[in-house]
Amino acid sequence: MSRIGKQIITLPAKVEVNINGQDVTVKGPKGELTHTIHPAIGIQMDNGVLQVTRSTDERQHRALHGLTRALVANMVTGVSTGFSKTLLIEGVGYQADLRGKNLVLKLGFSHEVVIEPPANITFEVPADRRGTMIHIHGIDKQVVGQVAANIRELRPPEPYKGKGIRYSDEIIRRKAGKAGKK
């Protein structure tokens, strides 16, 4: 049995789950998410607890069991508390700013890069960090991670000076520069 799949999902107070065939809809204070699960996977709800089950012990069904449980648990967490990623910008002249809801990045290009947030995603640039930190908030874990990865991809950190955009918990292994003549 899947260790992840057999764990129960406890629903917080203000979260509602609607199971309609293979469609699972989770509503909470931050929004609403919907996911269609595989036909071999079932979800039962009783007394504020969700249990994910599978029909057979085939290899694919065992894999889907844990995956489905994790996806539904992330939906419950997303609509109740939300997800966030933090990016740090390092480099002379590199900075971020907000124009309305859009994120404007100055990354050493000849132009500014303007990023429009997808649905249910918000950007935050703390004023005390002078545009060197970006917080990405949202209810869908996959979308928050993908938006952060897309922003990081614009100017990934380089190993010599550490310039670029990196995750707040990412460690950049630095390289020594050229050795001079002796």
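The values are calculated or read from the model by the stated rules, or taken from the named source; none is laboratory data. These numbers come from a predicted model, not from an experiment. Cβ atoms come from the backbone with ideal geometry, glycine included; neighbour counts cover every protein chain shown. In case anyone asks, the SASA skips ligands and DNA or RNA and just uses the protein heavy atoms, side chains included. Shrake-Rupley method; radii C 1.70, N 1.55, O 1.52, S 1.80 Å.
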Averaging sequence separations of C-alpha pairs under 8 Å and six or more residues apart, then dividing by the length of the stretch 101-182, give the relative contact order as a whole percent.
16 percent
Can you give the helix-only mean residue ellipticity at 222 nm for the chain, where every DSSP H stretch with n ≥ 4 adds -39500 (n - 2.57) and the sum goes over all residues, rounded to the nearest 500 deg cm²/dmol?
-6500 deg cm²/dmol
Over the stretch 19-113, what is the mean sequence separation of C-alpha contacts under 8 Å (at least six apart), divided by residue count, expressed as relative contact order in percent?
19 percent
Just to be sure I understand: with springs between alpha-carbon atoms less than 10 Å apart, which residue in A149, A73, A40 has the highest mean-square fluctuation in the Gaussian network model of the chain?
A40
Per-selection metrics, the stretch 123-182 (Cα): Rg and Dmax in Å
15.3, 57
Can you list the HN-Hα couplings for the stretch 104-118, worked out from phi with the Karplus curve (6.51, -1.76, 1.60; θ = phi - 60°), rounded to whole Hz and with x for Gly and Pro?
10, 10, 10, 10, x, 7, 6, 9, 7, 9, 9, 10, 8, x, x
Specify whether the C-alpha gyration tensor of the stretch 48-182 places it in the rounded, prolate or oblate class, a ≥ b ≥ c being the square roots of the eigenvalues: rounded for a/c under 1.5, otherwise prolate if a/b is larger than b/c and oblate if not.
oblate
Over the chain, calculate the relative contact order: mean separation of alpha carbon pairs under 8 Å at least 6 apart, over the residue count, as a percent.
18 percent
For the chain, what number of Lys pairs, 8 or more residues apart or on separate chains, have alpha-carbon atoms under 19 Å from each other?
14
A 1.4 Å probe over the protein heavy atoms gives the chain a carbon and sulfur accessible-area percentage of 49 percent
Evaluated at 4 °C with a viscosity of 1.567 mPa s, what Stokes-Einstein diffusion coefficient in µm²/s does the stretch 30-83 have when Rh comes from the Kirkwood expression over alpha-carbon pairs?
108 µm²/s
Ratio of Rg to Rh for the stretch 1-63, alpha carbon only, Kirkwood?
0.98
Pick from V114, V72, V147 the residue whose mean-square fluctuation is largest in a GNM of the chain, springs joining Cα atoms under 10 Å.
V114
Descending principal axes extents, the stretch 56-108, alpha-carbon based, whole Å
57, 25, 14
Normalised per residue, the volume of the convex hull around the Cα set of the stretch 1-108 (Å³):
154 Å³
So what is the accessible area of the stretch 16-165 per residue, in Å², with the probe set to 1.4 Å?
55 Å²
Within a Gaussian network of the chain (alpha carbon springs, distance under 10 Å), most fluctuating of I121, I165, I41
I41
What FRET efficiency do you get for V113 and D169 if R0 is 25 Å and r is their Cβ-Cβ distance, rounded to the nearest 0.05?
0.60
I'd like the accessible area for E124: 1.4 Å probe, protein heavy atoms, all chains in place, Å² to the nearest 10.
80 Å²
